[in-house]
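So the structure is just underneath, and the comments pick up after that.
Coordinate-derived values only; no laboratory data. The structure displayed is predicted, hence computed values, not measured ones. Virtual Cβ from ideal backbone geometry, glycine too; neighbours counted across all protein chains shown.
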Amino acid sequence: MSKVKKQFAVIGLGRFGGSVCKELFKMGHEVLAVDKDEDKVNEYAKFATHAVQLDSTDEKSLISMGIRNFEHVVVAIGDNIQASILTTLVLKEIGVKTVWVKAQNAYHQKVLDKIGADLVVHPEFDMGKRIAHNMSSEKIIDFIDLADDYSIVELLATSKVHNMTLIELDVRANYGVTILAFKSGKEMNIAPDPDDKIREGDILIVMGHTNDLDRFEDEGL
Ligand code: ATP
């Protein structure tokens with residue numbers, strides 16, 4: 001984990017924004033917590049470097065609070081989609097470098113992408129997908145969506161691949177996927193050598209197209 005202290009602002013201190021704020025602060029970063037609700041601001045004052053009450057759709061208030069000094073701003077306003085969109089627009093217009101926004105639904109996500117949000121997260125949707133993948137197979141330990149149809153999965157090595165080297169497995173030629181790393185007990189083998197051996201119970205961290213990953217999981221393990 002990087003030890004470099006960074007400056008973040010979190011706008012909207014609901015469950016999502018609140019947890020982002022607390023975690024960044026716990027990691028030692030400088031965090032500005034913003035909400036239009038005074039009770040929220042008071043609640044988060046101890047979990048942030050500064051906590052400020054303001055309506056983030058008001059460009060002048062944002063500028064006078066010095067939001068431009070923050071390289072990274074998280075917009076976590078959920079229910080009020082209009083306020084979320086307007087806040088994002090203002091932040092990008094006044095030149096905030098990186099704006100990550102929580103989307104409430106697919107339409108909201110599309111609009112945020114169009115107006116220049118640097119990353120749009122949709123926690124309920126993303127977590128639902130992740131849990132569905134984790135539940136669908138005993139071999140899948142975790143799943144991260146990278147882009148349309150590309151993912152990284154953690155797969156459990158079965159007895160079928162016990163004591164096989166990566167060359168023998170040759171997953172790239174056979175399945176079109178890449179083993180980025182594997183965990184053997186507590187040891188993490190990053191960028192493994194071709195003649196490193198896999199053992200039953202190891203956790204393989206594999207990247208590729210979803211169809212290829214499915215095939216590797218079904219036929220290769
Ligand atoms: P979560 O699911 O994360 O709890 P949510 O998606 O239900 O939250 P809301 O509760 O609607 O989202 O909003 C999160 C926070 O954003 C609230 O504390 C709310 O007061 C704050 N908020 C909403 N609009 C603004 C605004 N214009 N300026 C600043 N804060 C705002």
Less than 16 Å apart at the alpha-carbon level, and either on another chain or at least 8 residues along: which lysines does that give for Lys26? Lys3, Lys5, Lys6, Lys46
I'd like the Kirkwood hydrodynamic radius of the chain, using the inverse of the mean 1/r over distinct C-alpha pairs, in Å. 19.8
Identify, among Ala83, Gly66, Phe16, the residue whose Cα sits farthest towards the positive end of the charge dipole of the stretch 7-121, taking +1 on the Cβ of Lys and Arg and -1 on the Cβ of Asp and Glu, with the dipole about the Cα centre. Phe16
I'd like the trypsin sites (Lys or Arg not before Pro) in the stretch 58-126 restricted to DSSP loop residues with at most 15 other Cβ atoms within 10 Å, sorted by number. Lys97
Give the average over all directions of the projected area of the C-alpha convex hull of the stretch 7-121, one decimal, in nm². 6.0
Taking θ = phi - 60°, what integer Hz values does the Karplus form 6.51 cos²θ - 1.76 cosθ + 1.60 yield along the stretch 71-88, in sequence order, with x for Gly and Pro? 6, 10, 10, 10, 9, 10, 8, x, 4, 8, 4, 4, 5, 5, 5, 4, 4, 4
Please report Rg over Rh for the stretch 63-105, where both radii come from the alpha carbon positions and Rh follows the Kirkwood definition. 0.96
Could you give the radius of gyration (one decimal) and Dmax (whole number) of the Cα atoms in the stretch 174-221, in Å? 10.9, 30
Local net charge near Pro192, Cβ-Cβ under 12 Å (Lys/Arg +1, Asp/Glu -1): -3
What's the exposure ranking of Ile144, Ile203, going from fewest to most Cβ atoms within 10 Å? Ile144, Ile203
What is the extension gain from Asp218 to Leu156, computed as 0.36 nm multiplied by their sequence separation minus the C-alpha to C-alpha distance, in nm to one decimal? 21.1 nm
Restricting things to alpha carbons, find the Rg to Rh ratio for the stretch 70-154 using the Kirkwood radius for Rh. 1.07
Value of Rg to Rh for the stretch 1-75 (Rh from inverse mean 1/r over Cα pairs, i.e. Kirkwood): 0.95
Dipole-positive endmost among Ile179, Ala45, Ala117 within the chain (Cβ charges, Cα centre): Ala45
Measuring from label point to label point, each 7 Å out along Cα→Cβ, what is the Arg68 to Gln53 span in nm? 2.7
What number do you get for the stretch 126-220 when its Cα radius of gyration is normalised by 2.2 N^0.38 Å, N = residues? 1.01
Along the stretch 143-152, what does the Karplus equation 6.51 cos²θ - 1.76 cosθ + 1.60 (θ = phi - 60°) give for ³J(HN,Hα), rounded to whole Hz, x for Gly and Pro? 8, 10, 7, 8, 7, 3, 6, 10, 9, 10
Taking the alpha-carbon centre of each part, the distance from the stretch 80-139 to the stretch 143-221 in Å is 30
Once fully extended, how much extra length lies between Asp195 and His209, figured as 0.36 nm per residue of separation less the alpha-carbon to alpha-carbon distance? 2.6 nm
